Amino acid sequence: METGKRAFILAVDQSTQGTKGLLFDPSGKLIARADRPHRQIVNDLGYVEHDPKEILANTFAVCKDVILKAGIPASEIAAMGISNQRETSAAWNLETGEPVMNAIVWQCARAASICERHKDEAEEIRQKTGITLSPYFPASKLEWIMTNVEGAKELADRGLLAMGTMDAWLIWNLTKEHHFRTDYSNASRTQLFNLHTLDWDDDLLKSFGIPRSALPDVCMSDSVFGTTDLNGLLPQSIPICGVLGDSHGALFGQNCRKAGELKATYGTGSSVMMNIGEELKLSDSGLVTSLAWGHNGKVQYVFEGNLNYTGAVITWLKDSMELIGNAGETGPMAEQANPEDKTYFVPAFTGLGSPYWDSKATGMFTGITRTTGKKEIVKACVECIAYQITDLIEFMREDTGFGIDAIRVDGGPTANRYLMQFQSDIANAAVQIPELQELSGMGAAYMAGISAGVYDPDEIYNQIGYTKYEPEADDAFRAKKYSGWKTAVHQVLTH
């Protein structure tokens with residue numbers, strides 16, 4: 001494919017399991033993809049790490065692979081975008097470029113004791129950063145590095161320590177200028193960034209023992225973060241001008257650019273994220289507030305809720321319970337189950353996350369009768385995914401006053417027709433599934449393409465097709481079913 005002009009956009013989606021290279025044509029269509037997995041390094045203490053140098057090498061590799069696969073001249077690539085796994089934290093020596101240790105993955109809870117020491121500050125932290133104190137976020141991970149990694153504090157005292165999320169590591173290494181930068185979406189997830197002042201918070205930095213000099217400059221998500229030729233892969237340098245955390249990239253890729261628009265990602269767990277506009281709001285319902293992005297000189301905020309077990313429930317049915325042979329069986333089984341069965345399943349395998357935040361809760365089946373069989377159990381497990389998503393949507397409706405009439409969804413479980421129709425019914429909203437599933441990388445590519453003047457923001461989304469589900473259930477059915485779910489959750493929380 002040849003166009004004779006620089007109008008292709010390269011994107012890197014650096015995720016928890018691997019790194020993807022994506023290439024988009026001048027119309028915004030994905031034309032090629034290349035993948036490289038990286039090691040999941042877990043020790044006897046349960047610490048979870050990634051090798052930053054392995055990820056960097058994979059980044060260069062997937063960029064080369066995807067250009068070769070697409071069959072276009074590298075000279076026709078105009079710009080590059082990056083989406084990245086959020087909260088995973090890297091630290092490196094600015095003089096040598098060497099990591100001081102492996103990156104601490106977002107899943108790693110090694111800093112739990114540090115959070116315990118900060119528990120008296122928890123509400124102040126939430127008021128400033130919009131997020132609940134947790135070892136999930138980088139603040140406590142970075143304090144752990146400062147206090148446990150030999151030489152880290154000495155490097156910081158000399159102004160030679162860099163710490164940040166994976167986007168900052170990649171930007172510093174990819175850009176010829178070695179710019180130490182991050183974007184608003186990633187900064188807002190560190191638990192060190194003040195959403196009111198849009199700057200690193202000096203009081204929090206002092207409390208967590210993080211020097212400001214060790215943190216990256218925070219930029220608009222559509223800024224020029226620097227230029228790269230990908231170690232000579234490209235015949236000319238191109239700007240990296242679209243950077244977003246992965247969930248934020250999916251929100252932008254789903255065209256949720258206006259207040260009130262919402263997307264739900266179905267994976268092992270789930271993320272429900274809603275654009276709430278340019279005014280900061282904090283939730284009293286257990287939702288997190290973050291920055292969506294900085295774009296066109298302005299920032300927008302989001303509400304977000306994260307669920308631990310959605311698609312993982314189907315994996316549990318297959319691998320642990322052996323009730324199904326593969327995920328594709330769940331839809332037909334749920335359709336064949338007795339529609340009058342009142343079984344509910346609350347998947348609190350490791351507590352309940354947003355919006356309930358009960359780490360001691362355990363899972364429960366309720367409503368089982370003598371006529372409940374395998375199909376009814378499977379149906380309850382499928383439906384619990386939609387109920388959890390609806391919980392978050394209901395709180396978003398309550399906290400914002402927005403009437404949510406559409407949910408843009410992505411992820412593997414969206415192939416389950418029963419689940420998608422039930423989701424539409426129980427949430428009383430249309431469900432829209434895009435043809436393209438690489439939404440995090442697409443969001444970063446679209447941000448970069450718009451920034452570089454390649455894509456028209458009002459036209460670029462028109463080429464995306466959707467499968468749509470509309471609510472079919474009446475209000476009485478919806479109220480009865482959802483009331484039963486809330487009763488089941490209450491039983492779990494008070495058990």
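Key figures
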read-out	value
Spans of strands (runs of 3 or more DSSP E) in segment 258-331 with at least 3 residues farther than 20 Å from residue 197 by Cα and touching a residue at least 24 places away in the same chain (Cβ under 8 Å)	262-266, 270-277, 298-307
Any hit, segment 270-279, residues being among the small types (Gly, Ala, Ser), in contact with an Asp or Glu (Cβ under 9 Å, 6 or more places away or on another chain) and buried (at least 22 other Cβ atoms within 10 Å of the Cβ)	yes
Residues satisfying the stated conditions in segment 344-375, i.e. of a type in the set (Phe, Trp, Tyr) and part of a loop (DSSP other than H, G, I, E, B)	356, 357
Pair list, Cβ under 6 Å, 6 or more apart: segment 229-253 residue buried (at least 24 other Cβ atoms within 10 Å of the Cβ), other residue part of a loop (DSSP other than H, G, I, E, B) and β-branched (Val, Ile, Thr)	241/224
Some residue of segment 36-50 being among the charged types (D, E, K, R) and under 26 Å from residue 190 (Cα atoms)	yes
Failed condition for residue 455, given (1) modelled with pLDDT of 95 or more; (2) surrounded by 21 or more Cβ atoms within 10 Å (Cβ to Cβ); (3) assigned to a helix (DSSP H, G or I)	(3)
Single residue of segment 331-384 satisfying the filter (more than 28 Å from the chain's Cα centre (by Cα) and among the small types (Gly, Ala, Ser)) that is nearest to residue 133 (Cα to Cα)	367
When residues of segment 458-488 are limited to those that are of a type in the set (S, T, N, Q) and under 19 Å from residue 367 (Cβ atoms), the one surrounded by the most Cβ atoms within 10 Å (Cβ to Cβ)	487
Residue 443 vs. criteria under 17 Å from the mean Cα position of the chain (by Cα) and either crowded, with 21+ Cβ neighbours inside 10 Å or more than 22 Å from residue 303 (Cα to Cα) (or both)	yes
Failed item in (1) in contact with a strand residue (DSSP E or B) (Cβ under 9 Å, 6 or more places away or on another chain); (2) hydrophobic (A, V, I, L, M, F, W, C); (3) in a helix (DSSP H, G or I), with residue 402 passing the rest	(3)
Qualifying positions in segment 20-53 - of a type in the set (A, V, I, L, M) and farther than 19 Å from residue 136 by Cβ	22, 23, 30, 31, 32, 34
Single match in 294, 260, 267 (criterion: under 23 Å from residue 352 (Cα atoms) and either surrounded by fewer than 23 Cβ atoms within 10 Å (Cβ to Cβ) or outside the structural domain of residue 82 (by TED's automatic domain parsing) (or both))	267
Given (1) touching a helix residue (DSSP H, G or I) at 6+ places or on another chain (Cβ under 7 Å); (2) modelled with pLDDT of 95 or more; (3) part of a helix (DSSP H, G or I), number of the condition residue 486 does not satisfy	(1)
Test: residue in segment 376-398 that is under 28 Å from residue 220 (Cα atoms), part of a strand (DSSP E or B) and in the same structural domain as residue 305 (by TED's automatic domain parsing)	no
Single unsatisfied condition, residue 152 versus (1) farther than 30 Å from residue 273 by Cβ; (2) in contact with a Phe, Trp or Tyr (Cβ under 8 Å, 6 or more places away or on another chain)	(2)
Wholly enclosed helices (runs of 4 or more DSSP H) of segment 72-183 bearing at least 3 residues closer than 28 Å to residue 236 by Cβ, modelled with pLDDT of 95 or more and not acidic (Asp, Glu)	166-174
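The values are calculated or read from the model by the stated rules, or taken from the named source; none is laboratory data. None of the values given here were measured: they were computed from a predicted structure. All Cβ positions, glycine included, derive from the backbone under ideal geometry; neighbour counts span all protein chains shown.
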